[in-house]
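The values are calculated or read from the model by the stated rules, or taken from the named source; none is laboratory data. Remember, predicted model here, so these are calculated numbers, not experimental data. We place every Cβ from the backbone using ideal geometry, glycine too, and count neighbours over all the protein chains shown. Surface areas here come from the heavy atoms of the whole protein model, side chains and all, with no ligands, DNA or RNA. Shrake-Rupley method; radii C 1.70, N 1.55, O 1.52, S 1.80 Å.
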Amino acid sequence: MSFESKLLIPLHVKYIQNLGDSKDDLTYHLTAHLRMNAIYWGLTALCVMDQKNALDREEMIKFVMDCWDDEAGAFGAHPDHDAHILSTLSAIQILTIHDALDRVDVPRIVHFILSLQQPSGVFSGDSFGEIDTRFLYCAVSALSLLGQLDKLDKDKAVEYIRQCKNFDGGFGSVIGAESHAGQVFVCTAALAILDRLDIVDVATLGWWLAERQLPSGGLNGRPEKLEDVCYSFWVLSSLSILNKLTWIDTDKLISFILSAQDPDAGGIADRPGDMADVFHTLFGVAGLSLLGFPGLMDIDPVYCMPASVIEAKGLRKGWKALPRRAS
């Protein structure tokens, strides 16, 4: 059996474990603004591969708490970085997976998140005001995980998402922006959490998502773009929420994801032959999980977290993955 037909779990675990050992590399410091996200990506990938304990729990929690921005009342991406809603959601996800939410000041985080909602219903990422449906999803997901979703002005949030819906059934980053698979995920998943999937034109959006598959088997984010492993999650998660996963060629997509593995150092790249990174490693294994690949744990496509964690919190929505295949 070639490496392209199996998932190299031990190599990928080692790859994730080694990510924090490169503190002398310039790249490590140039990516400090992604550090909290990267820890969430690595931890979640390990959980999907049933290797949650491959990273030290207390060391991870300590890093998260060291990123607390006490002035803002939320989390930055790295110690001494300003708070942002992206890193705040990742921090909440990490702490939720490790059952450590009791260590945070929930009322202050809720206040920070709610302060970012704009009159239109969308959210900014921080006090500087950039808006994006990604940030709206972060707010909805974080408040849900904290058990504080009742504090959100849900009607305004839903109305903004509705205004971002395009003729092709997809959603953009802001009102009037073109449909993009990443934005389709954040909008569809936010609507799932808010129990407002009635906003979605299921048949039209399902068709648009299925059209993202290229002859290679990989998926792209919008028409005329290259295939990329990360869309294995963005597209599949939305199809899973819509119960339309059978609308794509699953075997070809599995082959594409596996072909993007690094058979020497581990990790998964955006496409075959490129350098692996932890972002694509997570979304590659997450996509494989939704496709029923053998030996993996279930991932919740709405929260992009271990399904067992979301179920334990009573937050599971009506998504469907493909049946787990036999090894």
Extended-chain gain in nm, criterion 0.36 nm per residue less alpha-carbon gap, ASP249 and SER127: 39.6 nm
SER327-GLU71 FRET efficiency (beta carbon distance; Förster radius 51 Å; 0.05 resolution): 0.50
Linear extension gain, ASP264 paired with GLU59, 0.36 nm per residue minus alpha-carbon span: 71.0 nm
Surface share of carbon and sulfur [accessible, 1.4 angstrom probe, percent] for the chain: 51
Separation of alpha-carbon centers, region 46-82 and region 282-327, rounded to whole Å: 23
Highest to lowest packing among 204-210, 61-67, scored as the average C-beta count within 10 Å: 204-210, 61-67
Å² per residue, accessible surface of the chain at 1.4 Å: 42
Calculated [θ] (222 nm, deg cm²/dmol) that DSSP helices of n ≥ 4 give over the chain, each run adding -39,500 (n - 2.57): -13500 deg cm²/dmol
Among ASN243, ASN18, ASN166, residue whose mean-square fluctuation peaks in a GNM of the chain (springs only between Cα atoms under 10 Å): ASN18
Residues of type aspartates and glutamates that LYS252 reaches as a straight line, Cα spacing below 20 Å, ignoring anything fewer than 8 places off in the same chain: GLU4, GLU211, GLU224, GLU227, ASP228, ASP262, ASP270, ASP274
Violating pairs (Cα-Cα greater than 28 angstrom) within the set LYS6/LYS320; LYS14/LYS225; LYS244/LYS313: LYS14/LYS225
Extension gain (nm, one decimal) between LYS14 and ARG316, 0.36 nm per residue minus Cα-Cα: 105.6 nm
Between region 159-200 and region 95-136, the Cα center-to-center distance that results, in Å: 19
Highest-MSF residue in the chain out of PHE293, PHE75, PHE167 [GNM, Cα springs under 10 Å]: PHE167
Region 59-89 residues near the modelled LEU101 label - backbone nitrogen below 14 Å, point 7 Å along Cα→Cβ: 89
